[in-house]
Amino acid sequence: MNSSKNLKFSWFGSPTIESSNVSLHLETRKSVALLAFIALSPAPPSRENLAVLFWPEYDQSHALGNLRRNLSSLNKILGPEIIRADRETISFADTSLIWQDINEFQALLSNVKIHDHIEIEKCPECINSLEKACTLY
């Protein structure tokens, strides 16, 4: 799989990961949680923080080893150019290739908040956005 394919992450309900409308299956629930954490973090998380958060029962060396293995597994499933990992942080190489239901939900609600209307109940555009947000949720 290559990075030119669009990814779809649905986090509401049971998480689903898709690439070009094909469902992808991650090896473990921890891999799904790691992917969600990276995808939803407002800033790229550090390797050390991820290792401690996901493998608190291990010493730093083993926790970082588990993180490397999980990142390698994610790279095999998502494609080698999707996750960018340097010595300090983990992030996505190009977030424009990734659609996430939570981001869409937040964008729909933001559109309603900034839309210029007198009464929200009488605004078809806002009602449509709220209905779409409810459907996502």
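The values are calculated or read from the model by the stated rules, or taken from the named source; none is laboratory data. Note that the coordinates shown come from a computational prediction; the quantities given were computed from them, not determined experimentally. Cβ placement follows ideal geometry from the backbone for every residue including glycine, while neighbour counts extend to all protein chains displayed. Remember, those area values only see protein heavy atoms, side chains included, never the ligands or the DNA or RNA. Shrake-Rupley method; radii C 1.70, N 1.55, O 1.52, S 1.80 Å.
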For this session: Would you please give the residues with an amide H less than 5 Å from that of Thr89, counting only those at least 5 places away or on a separate chain, with H modeled from the backbone geometry?
Result: Arg47
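Calculate, in nm to one decimal, what Ile118 and Arg87 gain on full extension: separation in residues at 0.36 nm each, minus their alpha carbon distance.
6.0 nm
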Exercise. Over the stretch 37-137, what percent of the accessible surface lies on carbon and sulfur atoms, probe 1.4 Å?
Worked result: 54
Problem set entry | Residue-wise HN-Hα coupling along the stretch 84-92, computed from phi with Karplus coefficients 6.51, -1.76, 1.60 (Hz; x: Gly, Pro) | 9, 10, 10, 5, 10, 10, 10, 7, 9
For this session: Leaving out ligands and nucleic acids, note down the accessible area per residue over the chain with a 1.4 angstrom probe, in whole Å².
Result: 64
Exercise. Taking a 1.4 Å probe, which of Phe9, Phe37, Phe54 shows the most accessible area, and what order do the others take after it?
Worked result: Phe37, Phe54, Phe9
For this session: Note down the magnitude of the dipole of the chain about its Cα centre, charges +1 on Lys and Arg C-beta and -1 on Asp and Glu C-beta and zero elsewhere, to the nearest 20 debye.
Result: 500
For this session: Any chance you could look up the accessible area of Lys8 with a 1.4 Å probe, heavy atoms only, rounded to 10 Å²?
Result: 80
For this session: Find, among the GluC sites (Glu not before Pro) in the stretch 44-103, those assigned to loop by DSSP (not H, G, I, E, B) with at most 16 other beta-carbon atoms within 10 angstrom.
Result: Glu57, Glu81, Glu88
Exercise. Counting other Cβ atoms within 10 Å, which GluC sites (Glu not before Pro) in the stretch 94-137 have at most 13 and lie in a DSSP loop?
Worked result: Glu119
For this session: Answer with a single label: of (i) 127; (ii) 88; (iii) 112, which was calculated as volume of the Cα convex hull per residue in Å³ from the structure in view?
Result: (i)
For this session: Report the accessible area of Asp86, computed with a 1.4 Å probe over the heavy atoms of all protein chains in place, in Å² rounded to the nearest 10.
Result: 80
Exercise. Pairs of lysine in the chain with Cα under 22 Å and at least 8 positions apart or on different chains: total?
Worked result: 8
Exercise. Once the whole set of protein chains is in place, how much accessible area is left on Glu27, using a 1.4 Å probe, in Å² to the nearest 10?
Worked result: 140
Problem set entry | Accessible surface, 1.4 Å probe, highest first, among residues Thr95, Thr135, Thr89 | Thr135, Thr95, Thr89
Seminar exercise, completed: Over the chain, cysteine residues that find no other Cys C-beta under 4.7 Å are Cys134
Seminar exercise, completed: Ordering Cys123, Cys134 by the accessible surface of their heavy atoms, 1.4 Å probe, largest first, yields Cys134, Cys123
